[in-house]
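**Q** First the structure, then my questions, so here it is.
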Amino acid sequence: MIDWLINKLFWWAPVREAIFAEVNLHNSITRTVNDPESMKIVSSFWDEEDGWRGWKVKDDGSYYFHDVPEKTLGDIMEVLV
C-alpha cells in the first residue's frame, strides 16, 4: 500500500519537485545548524509585500527576529548586522 501511494505521489512531477525542494531545504538547515562556524554567521532575509524582514543568530546563540518591514535589503541588513 505504501509503495502504491509513493508511486502515485512521485508520478506527478510538480508534487515530486516540491517534496524534493522541501527535503533539500530541511537538509540545508540541518547542515547549517550542525556546523559551529556557520552558526556564527547564519541569517536569512526575505521580501514580503510590505517590505524586507529577516533573522540572525546572535553571538550568544539566541535568535534576533526583525518583523518590522524595511524598504530595502540594505536597510534590513544594517539593522541585523
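Laboratory data are not the source of any read-out in this text; all were calculated from the coordinates shown. Keep in mind that this is a model prediction, so the values were computed, not measured. Backbone-built Cβ (ideal geometry, glycine too); neighbour counts: all protein chains shown.
**Q** Just grab the label-to-label distance for residue 10 and residue 26, each label 7 Å out from Cα along the Cβ direction, in nm (one decimal).
**A** Roughly 1.6 nm, to one decimal.
**Q** Continuing with this model, one more query. Suppose the chain between residue 18 and residue 65 were pulled fully straight at 0.36 nm per residue; how much longer would it get relative to their current alpha carbon spacing?
**A** That pair, residue 18 and residue 65, stretches by 14.2 nm at full extension.
**Q** Taking 0.36 nm per residue of sequence separation and subtracting the Cα-Cα distance, how much length would be gained by fully extending the chain between residue 42 and residue 79, in nm to one decimal?
**A** Going from the current span to full extension adds 11.8 nm.
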